[in-house]
Amino acid sequence: MKIKYFIFWMIAFFTPLLLIEGVSRFFSAPASFDYIERRLIEQDFPGRKAKDEFRVFMIGESTIHGQYLFPNSTIARWMKIYLQHLLPPQTAENIKIYNLGRLGVDSFFIAQTVVDTIPLEPDLLVLYTSHNDFIQLENRIKNLNRTWKDRTYDGFINLIKKSAFISAMRRAAVKRRLEKRRRELRDVEEEDRWYDHLRRKDEPNLTQGLLVPGGKQSREILKMLENNVQRIIRIAVDNDIPVIFFGPLSRFDVYKPFASFHSKDLSEEQLLKWETIHASAEQLYERGEHEQACALYREALKLDKEYALTYFRVGQCAQREGHYWQAKRLFRQASERDYFPIRAPSAVYRFYGRLGSFVSNRVFVINTQKLFERHAPHKMIDISLVIDQLHPTMHGQALMAEEVCRIMDEKKLLKNSDKWQWANLPGFERLKQEIQMDDDSRFKALLVSAKYVGSYYEKAIEFLEQAVAIRPDSIAARSQLAWTLHTVGRREEAACLYRELERDAPKVAAWFFKNYPEFSPQR
């Protein structure tokens with residue numbers, strides 16, 4: 001009897017839920033991460049697919065997102081511009097491109113996003129995942145220390161996400177939060193978070209971010225990246241969806257190695273000799289005597305072939321002398337020996353190279369590095385194509401978007417498409433006029449750039465000075481510039497700026513003069 005009652009109550013409980021779930025599936029697809037749902041809402045994703053619609057989902061790291069240039073200039077935005085010029089108006093209008101890129105995400109997030117968005121019926125996936133598994137410390141810690149509890153939790157969450165009813169409730173919650181955020185959105189001037197990290201007493205331990213080049217952890221991270229990419233390919237092939245991967249992109253001639261270490265084979269006597277030579281070379285380099293410095297750097301390199309900074313300095317000297325091929329090789333060697341990676345390691349380049357050699361007629365790999373080098377002076381990627389060490393400029397984004405369009409054309413990914421009008425395509429400078437990058441957009445991009453480069457202070461100063469030139473009255477730009485100048489030892493310049501800020505931002509100035517009373521105007 002008890003069993004019958006139990007069965008009865010189970011049926012009574014689950015039957016309405018199953019009915020609700022069944023009805024929900026007519027109106028709603030399973031949801032993805034909250035961030036992805038928010039991005040779809042922001043881009044007016046309709047849910048139901050129109051008859052002639054061709055859906056493109058662009059999923060990946062900050063390169064896909066747009067980083068500094070978002071939302072004005074992104075690869076997705078450039079694709080829309082190219083398609084409008086290459087195809088008849090109605091054909092171009094039927095191609096809907098959704099930018100689902102996110103800052104700081106790893107290959108696991110990207111692969112899971114692909115899984116989650118398959119029910120939304122994409123016709124083409126465009127992906128970039130190359131460096132965040134290595135660069136983002138929090139990603140490394142999370143992925144290298146995953147327990148059975150983490151995997152069980154992830155499995156449970158993925159099971160819950162498959163419910164159309166729960167997904168509909170989540171989408172409604174995301175939409176409410178988004179509307180609330182829009183109402184509360186403040187101008188960058190009103191909320192300057194630049195100083196938040198200064199008020200924290202616990203300084204991050206950068207030594208935990210060290211990653212031995214080619215070591216065990218590096219190999220484990222590479223294997224995770226490869227597995228996630230292969231997972232994406234299996235999902236795409238199983239659902240007959242073409243997928244285009246961008247290979248890694250790096251600019252090597254900026255940002256010296258973060259953490260250089262000596263060869264373990266170096267004796268104490270050799271180390272002492274190396275330190276003397278290298279110190280002299282650094283002094284000469286700082287004085288601008290690059291030829292003499294280069295000779296000493298090369299001498300130091302003969303003693304220790306593992307110290308990353310030496311390779312970088314010799315590369316800078318070779319670049320100044322016009323030996324660009326040699327400079328490019330030396331910069332790559334410096335990056336490869338950096339124990340705190342800020343670019344994708346060469347193993348990732350090799351992986352995508354192998355992937356490009358064995359792709360099917362539905363999986364394509366763009367060699368992004370070679371694409372950019374073909375358009376760079378002396379085949380060395382510079383600031384005209386990449387803003388920092390990773391993120392493409394507007395011109396770089398345009399190159400990536402154009403390459404995707406060429407694959408769509410050459411591989412006939414559009415059904416019943418008209419002939420593509422490549423002969424009538426305007427040049428980049430003409431197309432750039434269709435991107436709305438006003439002074440306000442450039443100003444915000446420069447502030448984001450300054451914060452991104454972190455402890456590369458000279459680059460941060462360069463970005464902040466440009467921001468101040470655009471908006472001389474900006475409290476955020478001036479206060480950030482003042483603090484960065486103080487950090488690099490240009491303290492009188494910093495104090496002068498803080499004195500100017502006393503009138504416009506007394507709290508910011510008061511914080512500085514309280515902590516550094518020697519610069520106070522009251523003295």
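Things to note:
- Residues being of a type outside the set (A, V, I, L, M, F, W, C), in a helix (DSSP H, G or I) and free of Cβ contacts under 8 Å to residues at least 60 places away in the same chain - total across the range 410-429: 2
- Where SER167 falls short, out of the listed (1) of a type in the set (S, T, N, Q); (2) modelled with pLDDT of 90 or more; (3) crowded, with 22+ Cβ neighbours inside 10 Å: (2)
- Taken as a whole, the structure leaves SER267 outside the set of residues that are in contact with a Phe, Trp or Tyr (Cβ under 7 Å, 6 or more places away or on another chain), surrounded by fewer than 20 Cβ atoms within 10 Å (Cβ to Cβ) and at pLDDT below 95.
- Output for the range 126-141, where each listed residue is under 13 Å from PHE246 (Cβ atoms) and either out of contact with any Asp or Glu (no Cβ under 8 Å at 6 or more places or on another chain) or modelled with pLDDT under 70 (or both): VAL126, LEU127
- In the range 310-363, the residues that are more than 30 Å from LEU125 (Cα to Cα) and of a type in the set (S, T, N, Q): THR310, GLN316, GLN319, GLN326, GLN333, SER335
- In the range 4-27 there is no residue that is outside any helix (DSSP H, G or I), at pLDDT below 60 and touching a helix residue (DSSP H, G or I) at 6+ places or on another chain (Cβ under 7 Å).
- Flag for TRP483 being in a helix (DSSP H, G or I), more than 23 Å from the chain's Cα centre (by Cα) and under 30 Å from VAL386 (Cα atoms): yes
- Residue in the range 439-446 that is more than 17 Å from ILE383 (Cα to Cα), of a type in the set (Asp, Glu), over 18 Å from the mean Cα position of the chain (by Cα) and in a loop (DSSP other than H, G, I, E, B) present: no
- Those residues of the range 283-301 which are part of a helix (DSSP H, G or I), among the acidic types (Asp, Glu) and under 24 Å from ASP382 (Cα atoms), in sequence order: GLU286, GLU291
To keep it simple, each residue is scored yes or no on (1) modelled with pLDDT of 95 or more; (2) buried (at least 17 other Cβ atoms within 10 Å of the Cβ).
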| residue | (1), (2) |
| --- | --- |
| LEU303 | no, yes |
| GLN316 | no, yes |
| ARG320 | no, no |
| HIS323 | no, no |
| LEU330 | yes, yes |
| ARG343 | no, yes |
| ARG354 | no, no |
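- For the range 456-496, a tally of residues being surrounded by fewer than 23 Cβ atoms within 10 Å (Cβ to Cβ) and small (Gly, Ala, Ser) returns 5.
- Note on the range 103-138: residues that are surrounded by fewer than 18 Cβ atoms within 10 Å (Cβ to Cβ), within 18 Å of THR63 (Cα to Cα) and not aliphatic (A, V, I, L, M) amount to 1.
- If you go through the range 95-124 and pick out every residue that is in a strand (DSSP E or B) and over 20 Å from GLN67 (Cα atoms), you end up with 3.
- Considering the conditions (1) under 15 Å from the mean Cα position of the chain (by Cα); (2) at pLDDT 95 or above, GLY66 is excluded by exactly one of them, (2).
- Exclusive hit being within 29 Å of ASP439 (Cβ to Cβ), out of contact with any strand residue (DSSP E or B) (no Cβ under 9 Å at 6 or more places or on another chain) and outside the structural domain of ALA445 (by TED's automatic domain parsing), set GLY66, GLY104: GLY104
- Qualifying position, being closer than 14 Å to ALA308 by Cβ and in contact with a Gly (Cβ under 9 Å, 6 or more places away or on another chain), among PHE261, PHE252: PHE252
- Enumeration of residues in the range 356-402 that are of a type in the set (Asp, Glu), surrounded by 18 or more Cβ atoms within 10 Å (Cβ to Cβ) and modelled with pLDDT of 95 or more: GLU402
- The condition (being assigned to a helix (DSSP H, G or I), within 29 Å of the chain's Cα centre (by Cα) and either modelled with pLDDT of 85 or more or β-branched (Val, Ile, Thr) (or both)) is satisfied by just one residue among VAL508, VAL468: VAL468.
- Among the conditions (1) hydrophobic (A, V, I, L, M, F, W, C); (2) modelled with pLDDT of 90 or more; (3) within 24 Å of LEU69 (Cα to Cα); (4) surrounded by 21 or more Cβ atoms within 10 Å (Cβ to Cβ), the only one that ALA92 does not satisfy is (4).
- All told, ARG231 falls short of being surrounded by 19 or more Cβ atoms within 10 Å (Cβ to Cβ), of a type in the set (D, E, K, R) and touching a residue at least 40 places away in the same chain (Cβ under 8 Å).
- Residue list for the range 252-269, filter: part of a loop (DSSP other than H, G, I, E, B) and free of Cβ contacts under 8 Å to residues at least 60 places away in the same chain: HIS262, SER263, LYS264, ASP265, LEU266, SER267
- There is at least one residue in the range 234-247 that is assigned to a helix (DSSP H, G or I) and touching a Leu at 6+ places or on another chain (Cβ under 8 Å).
The values are calculated or read from the model by the stated rules, or taken from the named source; none is laboratory data. Predicted model only: the values in this text are computed from it and were never measured. Please note: Cβ atoms are built from the backbone with ideal geometry, for glycine as well, and neighbour counts cover all protein chains shown.
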